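The values are calculated or read from the model by the stated rules, or taken from the named source; none is laboratory data. Since the structure is predicted, the reported quantities are computational estimates derived from the model, not experimental observations. Virtual Cβ from ideal backbone geometry, glycine too; neighbours counted across all protein chains shown. Each accessible area value is taken on the protein alone, full model and side chains, heavy atoms only, with ligands, DNA and RNA left out. Shrake-Rupley method; radii C 1.70, N 1.55, O 1.52, S 1.80 Å.
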Amino acid sequence: MGTKKAMNSLYDFMQDAPYGFQTPDGLEGWVKGAKNPSSDDEDAINNRKLLMSPQMMAAMRAKANEAAEQDPDIAMVGGGSGAEERGTPHRLPEGYAYLVDTPEALAPLFHFINTKAPDSLPEEQLKTGEYSPFLQCPCTPQRVLNEENGTVDGWKPFPPFGTCSKQFYELENPSCSLETYKGGFRCCENGNYLLDTDNYNVDEFPEDVVYGKFVLTFLDDDARELGIKETTGIGHDVTGSLETRGNIEFDVPQCENGTLPEDCIYEQSTVMYADGGIDGSTDGKFLIPYTVGHLHVGGIDISLYDDSTGELICRSEAIYGNGTEPANEENYIVGMTPC
């Protein structure tokens with residue numbers, strides 16, 4: 001959100017790039033010790049920009065301001081707040097806000113996955129109470145995975161494969177390597193189908209029209225004169241560590257046949273710097289006015305601890321739907337408890 005000029009510049013360099021924004025290849029600042037290739041490296045491949053990352057949001061904000069030839073005047077809100085958080089308010093506590101001087105326009109980025117099978121495919125219809133397995137996109141045979149170049153459909157994902165923590169590599173988690181990757185956001189670009197299109201005539205599929213809705217609460221006053229504290233977002237990823245920001249996604253292994261549901265528990269933990277970086281550059285204490293976890297179907301809860309004291313800062317629990325109406329779909333996560 002910001003001036004019309006800044007939002008137009010943001011849209012111009014977002015619209016034709018996978019996940020919104022292309023950046024030079026490299027992991028400097030993402031993995032400890034990594035250096036970006038020089039600008040004259042002819043073999044450098046542009047990365048996809050993962051807009052869910054607060055660090056990536058900051059880079060996009062700076063680029064939009066530069067293109068609009070203005071001082072910083074953009075507020076980035078949300079980030080990865082998908083269907084699982086429709087019932088989760090993201091309003092900050094009183095006294096805190098995302099600040100923007102001139103809120104003239106809004107440039108949203110939507111990520112929709114149509115999990116409703118066409119009526120012509122009765123075998124693909126979900127039964128009552130079932131949830132769709134397409135929480136992200138499978139890598140169908142139509143996806144071109146190049147293990148040598150580390151690309152999907154010609155684009156090198158950001159973060160690229162190779163950013164899992166040592167812990168997840170030792171577990172041989174499939175999402176950590178392109179050689180074993182089965183699906184996720186990296187195979188979920190605009191226009192991709194969830195089905196093997198060699199088996200269907202996609203021209204006969206109906207087209208659906210969907211809408212996104214934002215509800216924004218704002219103060220139409222000078223927030224600085226009111227003593228409002230400016231807030232910025234920080235993200236942490238369980239596949240990260242003190243050495244890497246992480247892979248963004250991971251696979252949950254299936255329990256052995258015959259395992260009781262109450263015994264089928266998968267738990268992982270990690271330690272990251274409080275500022276979300278890999279160098280612990282933030283010195284001293286800072287306030288956390290709001291925090292919430294992000295899980296997909298099957299998730300139970302996610303907890304944040306102060307590693308130096310063992311103090312529990314927040315336990316964010318998944319809220320599951322129990323009906324058929326929108327935002328209360330049975331067996332889907334429809335919200336997370338915030339702190």
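The calculated FRET efficiency for Glu66 paired with Leu226, based on their beta-carbon distance and R0 = 25 Å, is about 0.25. With all protein chains in place and a 1.4 Å probe, the accessible surface of the range 135-230 carries 46 percent carbon and sulfur.
What distance in nm separates the two pseudo spin-label positions at Asp119 and Lys213, each 7 Å out from Cα along the beta-carbon direction? Simple spin-label model gives 2.5 nm for this pair.
Comparing Cα centroids, the range 89-118 and the range 124-154 end up 26 angstrom apart. Take each peptide in 305-316, 226-237, count the other Cβ atoms within 10 Å of every residue, and average; sorted highest first, the result is 226-237, 305-316.
Distant-in-sequence amide contacts of Thr291, defined by a placed amide H-H separation under 5 Å and a gap of 5 or more residues or a different chain, comprise Cys339. Surface exposure of the range 227-339, expressed per residue as accessible area with a 1.4 Å probe, stands at 63 Å². Available extension along the chain between Ser81 and Ala34 is 14.0 nm, counting 0.36 nm per residue and deducting the alpha carbon span. For Tyr96, the residues 5 or more places off, or on other chains, whose built amide H falls under 5 Å of its own are Lys229.
Here the accessible area of the range 246-300 is 50 percent carbon and sulfur, with a 1.4 angstrom probe and all protein chains present.
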